[in-house]
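**Student:** Below is one structure. I have some questions about it.
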Amino acid sequence: MTRQSRAHLTDRGAPTSRPVSGPADHPVPATARFRTFRVAAFALIVLVIGGAAIGLVVTRLLGPGATDVAAIQVHASMGGFDPPALTVKAGQPVKIEFASMDSSMHTDGGGWHQFAIDALGINWKVGPLASEVFEFTAPATAGSYSWYCDICCGGKANPQMQGTLTVTG
């Protein structure tokens, strides 16, 4: 027999009419309820602010979004071109949306990137976290043409800053 249950026995060992009370029988004090409310409110505020901060970071890392859905998307960053190769049909108009994914804090080139194809006289440049749509007509004969960025990241010598345009017949 526990000490608590013994305290409720009469002198003869019979239990009193009062049952043994447990935690469910006592109301929660107002200060404990307020503390629980404060913790829940704090957790909610942390989740809202944290979610907003994560959203801002993610949108900042994604760079500029596409403005022309009909254009071929080409992204340039410190890591190179994405995609590193394009295929187009001979003699057809080509529309490319060229975007720099780097911010102005990029130490080599300030976030600027270039899309240059010497053989076609193409030399496009875009600033940090910006994009621009460029158009040209693909050559009439099939072949492969190399493009590069010579502004940053090792320039033409860096294989990551090069790509290939393939013209099919």
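Read the figures in this text as sums done on the coordinates, not as results from a lab. Remember, it's a predicted structure, so these values are computed and weren't measured experimentally. Glycine gets a Cβ as well: all are built from the backbone with ideal geometry, and neighbour counts include every protein chain shown.
**Student:** Report the net charge of residues surrounding residue 116, where surrounding means a beta-carbon distance below 12 angstrom and charges are Lys +1, Arg +1, Asp -1, Glu -1. Intermediate values should be presented prior to the final figure.
**Tutor:** Numbers: positive: 125, 156; negative: 118, 150.
Neighbour charge sum, excluding residue 116 itself: 0.
**Student:** I've got another one for you. For residue 45 and residue 162, compute 0.36 nm times the residue count separating them, minus their Cα-Cα distance, and round to one decimal in nm.
**Tutor:** Details: separation 117, 0.36 × 117 = 42.12 nm, distance 4.66 nm.
Roughly 37.5 nm would be gained on extension.
**Student:** Can I ask one more? Suppose we keep just the alpha-carbon trace of the range 75-114; what are its Rg and Dmax in angstrom?
**Tutor:** Using the Cα atoms of the range 75-114, the pair Rg, Dmax is 12.8, 39 Å.
**Student:** How far apart, in nm, are the 7 Å Cα→Cβ label points at residue 73 and residue 140?
**Tutor:** That separation, rounded to one decimal, is 3.5 nm.
**Student:** Take the Cβ-Cβ distance between residue 32 and residue 52 as r, set R0 to 25 Å, and report the resulting FRET efficiency rounded to the nearest 0.05. Walk me through the intermediate numbers first.
**Tutor:** Working: r = 31 Å, r/R0 = 1.24.
The calculated FRET efficiency here is 0.20.
**Student:** Assuming 0.36 nm per residue, please report the length gained on full extension of the stretch residue 120 to residue 85 beyond their Cα-Cα distance. Kindly include the intermediate steps, with their values, before the conclusion.
**Tutor:** Working: separation 35, 0.36 × 35 = 12.60 nm, distance 1.59 nm.
Extra length available between residue 120 and residue 85 comes to 11.0 nm.
**Student:** Here's a follow-up. Could you sort 77-83, 161-167 so that the peptide with the highest average Cβ count within 10 Å comes first and the rest follow in order?
**Tutor:** Values: 77-83: 16.1, 161-167: 19.3.
Per-residue mean Cβ counts within 10 Å order the peptides as 161-167, 77-83.
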